Amino acid sequence: MSAAEALRVQPGPSLRGVVTPPGDKSISHRAILLAALAQGTSRVENLLVAGVTRPMLNALTALGVPWRLHETTLTVESPGPQGWRAPRAPLHCGHSATTMRLLAGALAAAGVPAVLDGSPGLRRRPMRRVTEPLRAMGVPIIDTDGHAPLTLAARPSGQPLRGGTFRLAVASAQVKSALLLAGLAAATPVTVHEPGPSRDHTERLLQGLGLRLAFPAAHTVTLHPPQGPLPPLRLRLPGDISAAAFVLVAALITPGSQVVIEGVGLNPTRTGLLDALQRMAADLTVEPQGEAYGEPYGRITARYSPQLHGTTIRGDLVVRMIDEFPILAVAAAYAQGPTTVREAAELRHKESDRITALAAGLRALGVPVEEHPDGFTILGRAGVAGGRAHAHGDHRLAMALTVAGLAAHGPVEVLGAGMFRESYPGFVADLQRLGARVAWRPGEGAA
Ligand code: S3P
């Protein structure tokens, strides 16, 4: 994927039609890993098959866990963690921190020695937040100055891990999940307390598998380690609201648009963007339709919203929309009045420094942005002039900057935009089907 891959957007046409977003990325990671930790044949439908989930599937191969994929249906035939073999080479997690952190927890439970490594971008992301509590549980894991590569030594068989209470400094579903997965092999309960409501997919899946979890206080979960093996999974994943978010905001900002998003996950720990947009007077209809494996899903209709106005986002809402700030910023650029995001310093530790990279990308398109240590302010009113911006190796920036062009005053070119394949391979095709003029162009001078 080269920086010279560019997406070019000609603003104008209204967007109309129905979109079914790909399977949820977070739940896909967990489903793959839990299927490998279970004993027997698991079947997962509507898996996200994309750049970001490949490393997790490759890890299963390296661990000797057979799997096959038919379109988006995954079948895993696992011997259970006691049958995992030590991988012969480092497990390459690509750009995916979720893969690395969740795998660390699962390998800890299995007691299998392994090295976890990733792309230069992934090597920059903080890992001590996961290695430190794992070590406190008795996991023989070391990081490299707080980063990947991570090295896990073998754990003597029959020696369980230690449970206990872990208080996370930052709300993080990845860290919480790593500890809960390691907790599957603990002798005593594992309690994780977070400062905010991070996504709870791991908890819902484990409960769906019949495990005993308790929620003794706000943002606190206790796992009671199971006595026997995990049973296999049978589930169909909801669509990813973090992918749907791009199409949804595209409809809100593009005159004359109406887009229906079907089968999308509506887990309340993930729907912060909908709350933020509704505060901004977005014309959205959300229709819950059911629940699968404890995960609510439904339909969202988004209509052109010329009346969008700015808002302030901080506190728990930040956690509930942690991946949605690039696309929120695009909605804010088309809104009347300023939108301010604070208490979101965690954005500096995502696929890019999402505060600086987002500010640079939007400024390149003519949007005035003020950067704060823990957030940003978009002044609003001005809309998007057009121009050429860079995705900075970040799939969500690539898609957000592309959407920004749909209602701009002039054409927009996003360099390095091929990153969208990491989490939403159908992004360009979906926009084109809705009527957008988005096309590939060989980028020039992409530095
Ligand atoms: C994820 C949790 C979030 C999110 C990431 C996926 C997960 O990260 O940003 O895209 O699947 O648990 P943190 O847990 O680091 O906040």
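Out of the range 156-177, which residues are touching a Pro at 6+ places or on another chain (Cβ under 8 Å) and within 16 Å of the ligand (Cβ to nearest atom)?
Selection gives F166, L168, A169, V170, A171, V175.
Filter the range 2-47 down to the residues that are open to solvent by less than 40 Å² (accessible area, probe 1.4 Å) and of a type in the set (D, E) and list them by number.
Answer for the range 2-47, where residues must be open to solvent by less than 40 Å² (accessible area, probe 1.4 Å) and of a type in the set (D, E): just D24.
Which of the numbered conditions does S157 fail, given that it passes all the others? Conditions: (1) at pLDDT 95 or above; (2) loosely packed, with under 13 Cβ neighbours inside 10 Å; (3) among the polar types (S, T, N, Q).
(1)
Given the condition open to solvent by less than 10 Å² (accessible area, probe 1.4 Å), away from the ligand (no atom under 12 Å from the Cβ), within 23 Å of S257 (Cα to Cα) and outside the structural domain of R129 (by TED's automatic domain parsing), answer yes or no: does some residue in the range 340-350 qualify?
no
Scan the range 272-295 for residues that are open to solvent by 30 Å² or more (accessible area, probe 1.4 Å), acidic (D, E) and under 23 Å from A31 (Cα atoms) and jot them down.
E291, the sole residue that qualifies.
Could you tell me which of the residues A281, A357, A302, A331 is in a strand (DSSP E or B) and farther than 30 Å from R43 by Cβ? Quick ask: steps written out before the conclusion?
On the way: A281 fails: in a strand (DSSP E or B); A357 fails: in a strand (DSSP E or B); A331 fails: in a strand (DSSP E or B).
None of the other options fit; the residue is A302.
Kindly indicate which of V190, V175 is touching a Gly at 6+ places or on another chain (Cβ under 8 Å), closer than 30 Å to L317 by Cα, open to solvent by less than 10 Å² (accessible area, probe 1.4 Å) and in contact (Cβ under 8 Å) with a residue 12 or more places away in the chain.
The unique qualifying residue is V190.
Of all residues in the range 93-115, which are in contact with a strand residue (DSSP E or B) (Cβ under 6 Å, 6 or more places away or on another chain) and either at positive phi or more than 16 Å from the ligand (Cβ to nearest atom) (or both)?
Those that are in contact with a strand residue (DSSP E or B) (Cβ under 6 Å, 6 or more places away or on another chain) and either at positive phi or more than 16 Å from the ligand (Cβ to nearest atom) (or both): L107, P113, A114, V115.
Taking the criterion of being away from the ligand (no atom under 15 Å from the Cβ) and among the hydrophobic types (A, V, I, L, M, F, W, C), would at least one residue in the range 117-133 satisfy it?
no
Can you tell me which residues in the range 132-148 are within 21 Å of the chain's Cα centre (by Cα) and either under 15 Å from P113 (Cβ atoms) or open to solvent by 50 Å² or more (accessible area, probe 1.4 Å) (or both)?
H147
Table: residues versus (1) in contact with a helix residue (DSSP H, G or I) (Cβ under 7 Å, 6 or more places away or on another chain); (2) among the aliphatic types (A, V, I, L, M); (3) surrounded by fewer than 24 Cβ atoms within 10 Å (Cβ to Cβ).
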| site | (1), (2), (3) |
| --- | --- |
| P373 | yes, no, yes |
| V384 | yes, yes, no |
| A389 | yes, yes, no |
| H392 | yes, no, yes |
| L397 | yes, yes, no |
| A400 | yes, yes, no |
| Y424 | yes, no, no |
| D430 | yes, no, no |
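Yes or no: L379 in contact (Cβ under 8 Å) with a residue 40 or more places away in the chain, under 30 Å from G337 (Cβ atoms), assigned by TED's automatic domain parsing to the domain that holds Q336 and within 26 Å of the chain's Cα centre (by Cα)?
So L379 fails the test.
Taking the criterion of being in contact with a His (Cβ under 8 Å, 6 or more places away or on another chain), within 16 Å of the ligand (Cβ to nearest atom) and open to solvent by 20 Å² or more (accessible area, probe 1.4 Å), would at least one residue in the range 208-215 satisfy it? Lay out the reasoning, then the answer.
Taking the range 208-215 as the starting set, the residues that turn out to be in contact with a His (Cβ under 8 Å, 6 or more places away or on another chain) are 211-214.
From what is left, the residues that are within 16 Å of the ligand (Cβ to nearest atom) are none.
Checking the range 208-215: not a single residue is in contact with a His (Cβ under 8 Å, 6 or more places away or on another chain), within 16 Å of the ligand (Cβ to nearest atom) and open to solvent by 20 Å² or more (accessible area, probe 1.4 Å).
Checking A169 against (1) in contact with a Lys or Arg (Cβ under 8 Å, 6 or more places away or on another chain); (2) among the small types (G, A, S); (3) under 16 Å from H193 (Cα atoms); (4) open to solvent by less than 50 Å² (accessible area, probe 1.4 Å), which single condition isn't satisfied?
Looking at each condition in turn, A169 falls short on (4).
Over 30 Å from V18 (Cα atoms) and assigned to a loop (DSSP other than H, G, I, E, B): does that describe P255?
No.
Given the structure, is L116 surrounded by 15 or more Cβ atoms within 10 Å (Cβ to Cβ) and either among the basic types (K, R) or more than 24 Å from H395 (Cα to Cα) (or both)?
Against the criterion (surrounded by 15 or more Cβ atoms within 10 Å (Cβ to Cβ) and either among the basic types (K, R) or more than 24 Å from H395 (Cα to Cα) (or both)), L116 does not qualify.
The values are calculated or read from the model by the stated rules, or taken from the named source; none is laboratory data. What you are looking at is a predicted structure, and each value in this text was computed from that prediction instead of being measured. When we count neighbours, we look across all protein chains shown, and the Cβ atoms used for this are built from the backbone with ideal geometry, even at glycine. With ligands, DNA and RNA removed, areas are computed over all heavy atoms of the protein, side chains included. Shrake-Rupley method; radii C 1.70, N 1.55, O 1.52, S 1.80 Å.
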